[in-house]
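Inspection log for the structure reproduced underneath, given as C-alpha cells.
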Amino acid sequence: MDQIRIRGGNPLHGTIQIGGAKNAALPLMAACLLSDEPLVLSNLPHLADIATMTNLLSELGVNVAMNGSAPGGHAGRTFKLDAAKTTDTIAPYDLVRKMRASVLVLGPLLARQGRARVSLPGGCAIGTRPVDLHLKALEQLGAEIELAEGYIDARAEAGLTGGHIVFPTVTVGGTENILMAATLARGDTVIGNAAREPEIGDLAKCLCAMGAEIDGIGSDTLRVRGVERLHGAGHAVLPDRIETGTYAVAAAITGGEVLLKGARTDLIEAVIDVLGQVGVRFDDGPDGLRVSRTNGGLTGVDLMTEPYPGFPTDMQAQFMALMTVANGASMITETIFENRFMHVPELHRMGADINVQGRSAIVRGNQKLSGAPVMATDLRASVSLVLAGLAAQGETLVNRVYHLDRGYERLEEKLSACGADIERVRS
Ligand code: EPZ
C-alpha cells in the first residue's frame, strides 16, 4: 500500500487548481440511468470513487466513454454516459462495500427500470450510516422493498407515484435518491426537510437540463412534477468546496499564501466565516481565491458541524488539525456522524493535545507538532494527518493513503508544486 512522506515546516506559496466536486459527480453519474439518451458530464475529477462508480455503471450496462482532459493531466475530464441499453439492475456487494454512494443508483434504476437489487452498504469508519430513510421515502413513492441476504430488493413494476415526503433527519444521499426517482414518478412529489448542500442543487440543475421539472432548488423543500421521460444533456460539475476548504487550511497551517483557482466562495461561506475568526485571510479576485494568515496568528475557535449552509462535517477533521497549532483552546462538536474523530488518536501521536468527550473534542492549541508514522482511517481523517504533517517538525509517514485517493486528485503533486516537501512512497 502506498504511503505519503512529508517533511514539515515549509510555508506553502503557489497556485492550486480546484477540481470538480466528488460529491456532485457521483449522483450526477447515477442520473444517467434516468434516460435512454447520453448524459455528458465535464469537469469530472480523477478519483478512485469516480472509477468505482464507472465500474458499477458499466456492470449495469451503461456505456461510459471517457474523453477529453483539461491541460495538466487528468483534471476536468469529460464522460459520455449512455444508459440506453441498461442490461442489469444489480449493484453487487463487492462494489457497494467499497463506496456507499453506490446506493445512489437505487432511485434512478427503480424510476426507469421498475426494479433494483442493491447491496446494503454496511457501515464505515465514521458511523453506521444506514439507508433506512432512503428506503422509507421510496416506499412512499410506491416502491415495494424487501431486505434479504444483505441486499435491498426494490420493485415498482407499475412505476412510481408522486408523494409528500418529509425527512426526519437531513440526509444528502436520501434527498438525492428521492429527487432522481421523483423526476419520472406519476404526478407531483414534495420533499420536505431536504438537504441543501450545493451538490444537490447541481444535481437538480442537471436533471432540469434533462427535462425534469423541479422547483425550490437550494431550499429545504423540493417540488418535483414527474415527466414521462428525460432526454440527454450536458453538464459541468461544480467546483469541490471541500477540496477548496482543505487547501485553505493547508495555507493557514503552514503560514503560507496560496491562490485557489476555480474556487467558488459562495459554496463555502460558513468555512470562510469560521476560518476568518481563526485568523485566516481570504481575498477573492478575478484570478482566484487567495488564502493566507492575517498578522495576528491563529486563534482557537469553537465549532459545531451542521447540515448546509452550516459548517460542513467533511471539513471537521481538517479544522481540528488547524486548531492543534492555534493559540488557545477550541471545542469541536460533530453533530452529523457518531464516530468522526478517528483522526484524534493519530494526531495525538504527533503531539496534539485533544480530549474527546462524546461528540465533542477539546483541542488545546499552540502545540509544536512532531512528525510520526500515522494511519489513515477515512478520507477526511487522512487529509487532516497530511495537513498536520505539513506543519510538524520532522517527518510524517501517512499509511493507507488509498483513503486519500478516493477524494483528492494528485494531492501530493498540488502541494509539492507549492513548496511542500511531500512525496508518495509506492510499495
Ligand atoms: C454525504 O454522505 C457525503 N457523501 C458525505 O461525504 C458527507 O459527509 C455527508 O453527505 C454529510 O454531508 C457523498 O455525497 C457521496 P447523509 P451521506 O445521508 O449522503 C444519517 C466525504 O467525506 N442517515 O447526509 O451518506 C447518517 O447516518 C463523505 O466526502 C440515516 O440515519 O450522508 C448520518 O448520521 C463522507 N439514515 C446523517 O444521517 C439514512 O437513511 C447524515 O447522512 C441516511 C442517513
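Points worth noting:
- Residues that are more than 16 Å from the ligand (Cβ to nearest atom), among the small types (G, A, S), at pLDDT below 90 and not in a strand (DSSP E or B) occur at least once in region 75-97.
- Selection status of L135, touching a strand residue (DSSP E or B) at 6+ places or on another chain (Cβ under 8 Å), within 26 Å of G211 (Cβ to Cβ), assigned to a helix (DSSP H, G or I) and not small (G, A, S): no
- Count of region 178-205 residues, restricted to those that are of a type in the set (K, R) and under 21 Å from the mean Cα position of the chain (by Cα), is 2.
- Test result for Q318, closer than 20 Å to A420 by Cα, within 11 Å of the ligand (Cβ to nearest atom) and either within 22 Å of the chain's Cα centre (by Cα) or not basic (K, R) (or both): yes
- Within region 1-55, the residues that satisfy the criterion of being part of a strand (DSSP E or B) and on the phi > 0 side of the Ramachandran plot are G14, N43.
- Counting the residues of region 115-132 that are assigned to a loop (DSSP other than H, G, I, E, B) and more than 8 Å from the ligand (Cβ to nearest atom) gives 5.
- The set of residues from region 182-207 being among the small types (G, A, S), within 14 Å of the ligand (Cβ to nearest atom) and surrounded by 21 or more Cβ atoms within 10 Å (Cβ to Cβ) comprises A194, A195.
- One residue from R349, R359 being more than 29 Å from T171 (Cβ to Cβ) and either without any contact (Cβ under 8 Å) to a residue 40 or more places away in the chain or of a type in the set (S, T, N, Q) (or both): R349
- Among the residues examined, I336 does not qualify as assigned to a strand (DSSP E or B) and within 13 Å of L303 (Cβ to Cβ).
- Matching residues, region 263-292, being of a type in the set (A, V, I, L, M, F, W, C) and in contact with a strand residue (DSSP E or B) (Cβ under 8 Å, 6 or more places away or on another chain): A263, L267, A270, V271, I272, V274, L275, V278, V280, F282, L289, V291
- Applying a threshold of 7 Å to beta carbon distances and a minimum spacing of six or more residues, or different chains, the list of pairs starting in region 180-197 at a residue that is farther than 11 Å from L141 by Cβ and ending at one that is within 16 Å of the ligand (Cβ to nearest atom) and polar (S, T, N, Q) reads A194/T175; A195/T171; A195/T175.
- The set of residues in region 82-95 being closer than 12 Å to L57 by Cα, touching a Leu at 6+ places or on another chain (Cβ under 9 Å) and not polar (S, T, N, Q) consists of D82, A83, D88, I90, A91, P92, L95.
- Looking only at region 283-309, and only at residues there that are over 22 Å from G328 (Cα atoms) and within 10 Å of the ligand (Cβ to nearest atom), the one that is surrounded by the fewest Cβ atoms within 10 Å (Cβ to Cβ): E306
- The set of residues in region 41-58 that are touching a strand residue (DSSP E or B) at 6+ places or on another chain (Cβ under 8 Å) and under 20 Å from G107 (Cα atoms) comprises L41, I50, T54, L56, L57, S58.
Residues checked against (1) in contact with a helix residue (DSSP H, G or I) (Cβ under 7 Å, 6 or more places away or on another chain); (2) within 15 Å of the ligand (Cβ to nearest atom); (3) in contact (Cβ under 8 Å) with a residue 60 or more places away in the chain:
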{"residue": "M1", "(1), (2), (3)": "yes, no, yes"}
{"residue": "A21", "(1), (2), (3)": "yes, yes, yes"}
{"residue": "A24", "(1), (2), (3)": "yes, yes, yes"}
{"residue": "L39", "(1), (2), (3)": "yes, no, yes"}
{"residue": "N43", "(1), (2), (3)": "no, no, yes"}
{"residue": "S58", "(1), (2), (3)": "no, no, no"}
{"residue": "N67", "(1), (2), (3)": "no, no, no"}
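- Which numbered condition T175 fails, given (1) part of a strand (DSSP E or B); (2) under 22 Å from the mean Cα position of the chain (by Cα); (3) of a type outside the set (A, V, I, L, M): (1)
- Test result for G174, farther than 20 Å from D132 by Cβ and either away from the ligand (no atom under 16 Å from the Cβ) or crowded, with 24+ Cβ neighbours inside 10 Å (or both): no
- Whichever residue in region 161-171 is within 12 Å of A137 (Cβ to Cβ) and within 16 Å of the ligand (Cβ to nearest atom) and, among such residues, is surrounded by the most Cβ atoms within 10 Å (Cβ to Cβ): I165
The values are calculated or read from the model by the stated rules, or taken from the named source; none is laboratory data. All values derive from a computational prediction rather than experimental measurement. With ideal geometry, Cβ positions are generated from the backbone for all residues, glycine too; neighbour counts draw on all protein chains shown.
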